[in-house]
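Step one of this worksheet: look at the structure below.
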Amino acid sequence: MAPLTPPPNLAPELQGLLGQPTSQVLIILLASLSSWPLHLYLVGGVVRDQRLHRSGAGGCQAVQPVDLDLLLVPHHLEPPVLPLCRVLHHWQEALERGGWSLTTQVHGAFGTAHLVAQPSKSQAQHLHPPDHGHINAPLAIDVAMARTEHYPIPGENPHVTLIAGDDGVLVDLSRRDCSINAMAWLLPHGPLLDPYRGQQDLDHGLLRFLHHTSLRDDPTRIIRAARYGARLHLNLTPTALQQLHGTLHSWPWRREHPWPAALGSRLGMELDLLFQQEPWLEAITLLQCWGALELVDWSGALQRDQTWQRRLSWAERWNLPLLPALLMGAAEPLAVAERLQLPITQQRLMAQTIHLQAWLQS
């Protein structure tokens with residue numbers, strides 16, 4: 001009888017950063033792929049935070065990431081191609097054996113999926129003693145197959161091509177938004193790949209876009225840059241700020257041109273995440289300092305608005321949604337809300353507010 005292969009163990013500094021529940025899930029996922037022709041990388045925010053959260057003593061401060069980003073790189077793409085759905089089904093079975101349940105939402109056209117791992121009650125009590133709380137805390141995981149992207153039209157959804165091979169991870173990293181997000185950690189022990197000097201930019205407090213067309217291809221990266229800047233105390237490099245101003249000056253999607261529906265939806269989602277997950281006061285201040293609120297309101301009224309902070313503070317006090325409150329400073333708030341595809345309930349709230357303003361003024 002062949003000896004059992006011991007489960008992989010993550011690098012100690014990574015375990016210290018992620019904490020026990022996240023580390024356990026990663027170990028289960030990694031062990032389940034031991035005989036599969038796939039490399040598994042940790043990418044995105046966790047890799048960036050590993051650099052940011054090192055203590056002066058050389059250890060790591062344990063943090064619970066908002067989400068976990070994983071990259072799957074096949075050894076080859078020759079038939080039979082290993083579909084993402086098959087990997088996810090395999091992961092679901094492995095997590096169930098380990099005391100976790102898994103729900104998946106697959107975006108097949110883009111080779112991505114959003115997962116939510118939930119510990120069973122007994123597993124949650126084992127991971128978090130009752131006096132620590134956090135019972136049944138779910139873990140969000142975003143998974144992507146290594147790929148390249150091509151934007152046929154500025155602001156539209158990209159065309160995706162899956163890639164594989166030894167340099168697949170480097171090709172995938174080259175398509176990302178900022179240098180600080182173009183780092184990858186090969187699980188379980190590394191090495192850390194940092195082809196665009198993301199660690200150096202973090203050390204200097206800089207946000208640097210990878211390509212001269214990054215914002216023209218996907219202007220939602222402007223909102224993401226404000227989110228990173230507010231959370232991590234970073235600012236745009238002079239070249240990045242120049243690209244931002246140039247993109248806004250030449251941006252083709254104005255009133256006289258068709259507006260890609262996908263762009264409006266993505267901008268709305270990024271702004272919603274900004275208010276849900278970030279220090280929104282700092283983030284909106286950055287957008288206004290950069291002149292970037294014209295991306296949301298073409299008239300420039302929101303960019304010139306000096307009352308948004310007071311308006312949002314009252315909305316927060318009254319437990320009202322903050323994004324509609326921000327948009328009330330636009331020249332045509334309802335048109336902007338429709339373009340960003342805000343929920344109908346929020347658009348109705350804005351319409352009622354406009355009617356109330358008109359009644360009070362009369």
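Since every read-out is calculated from the coordinates, none of them should be taken as a lab result. None of the values given here were measured: they were computed from a predicted structure. Glycine also receives a Cβ, built like all others from the backbone with ideal geometry; neighbour counts cover every protein chain displayed.
Which chymotrypsin sites (Phe, Trp or Tyr not before Pro) does region 275-353 hold that lie in a coil by DSSP with at most 10 other beta carbons within 10 Å?
When the chymotrypsin sites (Phe, Trp or Tyr not before Pro) of region 275-353 are filtered for loop state and at most 10 Cβ neighbours within 10 Å, W318 remain.
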Problem - Three semi-axes of the equivalent ellipsoid, region 245-326, Cα gyration tensor, whole Å, largest first - result: 23, 15, 12
Problem - Longest site-free stretch - the chain; sites: trypsin sites (Lys or Arg not before Pro), DSSP loop, at most 15 other Cβ within 10 Å - result: 1-253
Exercise for the section: Calculate the translational D of the chain in whole µm² s⁻¹ from Stokes-Einstein, where the hydrodynamic radius comes from the Kirkwood formula applied to all Cα pairs, the temperature is 10 °C and the viscosity 1.306 mPa s. Expected result: 71 µm²/s
Fill in the blank from the handout: Among S313, S23, S174, the residue with the largest mean-square fluctuation in a Gaussian network model of the chain built from Cα contacts under 10 Å is S313
Handout entry: Share antiparallel - DSSP beta bridges, the chain, percent rounded to 5
Key = 80 percent
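From Cα pairs below 8 angstrom and at least 6 apart in sequence, can you work out the relative contact order of the chain, rounded to a whole percent?
12 percent
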Exercise for the section: Using just the helices of the chain, give the 222 nm mean residue ellipticity in deg cm²/dmol: DSSP H runs with n ≥ 4 each add -39,500 (n - 2.57), and the total is spread over all residues, rounded to 500. Expected result: -13000 deg cm²/dmol
Completion exercise
A correct Karplus calculation of ³J(HN,Hα) over region 292-303, with 6.51 cos²θ - 1.76 cosθ + 1.60, θ = phi - 60°, whole Hz and x for Gly and Pro, returns 8, 5, 5, 5, 8, 10, 5, 5, x, 4, 5, 5
Completion exercise
The answer for the per residue Cα convex hull volume of region 214-361, in Å³, is 112 Å³
